[in-house]
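Quick note: the coordinates plus some simple rules give every number you see, no bench work behind them. None of the values given here were measured: they were computed from a predicted structure. For neighbour counting, all protein chains shown are included, and Cβ atoms are generated from backbone atoms with ideal geometry for every residue, glycine included.
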């Protein structure tokens, strides 16, 4: 079990992933190809994402199994993308949650209704549904929020 401490000394406890050798690191430009594979987005789009946002990748046995991108504005950390295996998503969510806890901020993200892997990871991490989100390319989304206060 891992622990993230909030600024007011409250704690968020999370279950360790089933992949003990999973490492999380900053994304680099060379990761753009694998991120493009995970999202079906062009490599150039992923390269720009790496330069424009905070992006972390999860690796197991030197293979990328997922990534998270996020930025902070207006007292909220916004997760802009979360992709990967269930274990990778769980571990990667710790990154924006830890940052937000240290800054006394909430975390929000939109999850496509059809993405059960990400939705499950988000719910297990303690996020709560916060209404419906916009529709992207015909895919409805659900808004989730985690507020440490």
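Full extension of the chain between residue 139 and residue 71 yields a length gain of 22.2 nm, computed as 0.36 nm times the residue separation minus the alpha carbon distance.
Of the residues 73, 25, 56, the one that moves most in a GNM of the chain with alpha-carbon contacts below 10 Å is 73.
Assuming a ≥ b ≥ c are the square roots of the Cα gyration tensor eigenvalues, decide whether the stretch 89-149 counts as rounded (a/c under 1.5), prolate (otherwise, with a/b larger than b/c) or oblate. It comes out prolate by the Cα gyration axes. Compute the Cα gyration tensor for the stretch 55-98, then decide on rounded, prolate or oblate, letting a ≥ b ≥ c be the square roots of its eigenvalues: rounded whenever a/c is under 1.5, prolate when a/b is larger than b/c in the other cases, and oblate in all that remain. Verdict is prolate for the stretch 55-98.
Suppose a student asked you for the relative contact order of the stretch 2-146, using Cα pairs under 8 Å spaced at least 6 residues apart; what percent would you report?
It rounds to 18 percent for the stretch 2-146.
Highest mean packing first, where packing is the average number of other Cβ atoms within 10 Å per residue, the peptides 41-54, 85-98 line up as 85-98, 41-54. You can think of it this way: the chain between residue 26 and residue 106 has 26.6 nm of extra reach, that is 0.36 nm per residue less the Cα-Cα gap.
Helices in the chain, meaning DSSP H runs of at least 4 residues, each add -39500 (n - 2.57). Divided by all residues, the mean residue ellipticity at 222 nm is -9000 deg cm²/dmol. Computed packing ranks the peptides 112-120, 74-82 as 74-82, 112-120, most packed first, by mean other Cβ atoms within 10 Å.
How would you classify the stretch 17-75 from its alpha-carbon gyration tensor, with a ≥ b ≥ c the square roots of the eigenvalues: rounded for a/c under 1.5, else prolate if a/b is greater than b/c, otherwise oblate? Don't skip to the answer; put the middle values down first.
Numbers: a/c = 2.20, a/b = 1.24, b/c = 1.77.
Oblate, since a/c reaches 1.5 and b/c is not below a/b.
All C-alpha pair distances within the chain, sorted into 5 Å bins from zero, spread as 2, 10, 19, 23, 22, 16, 7, 2, 0 percent across the bins.
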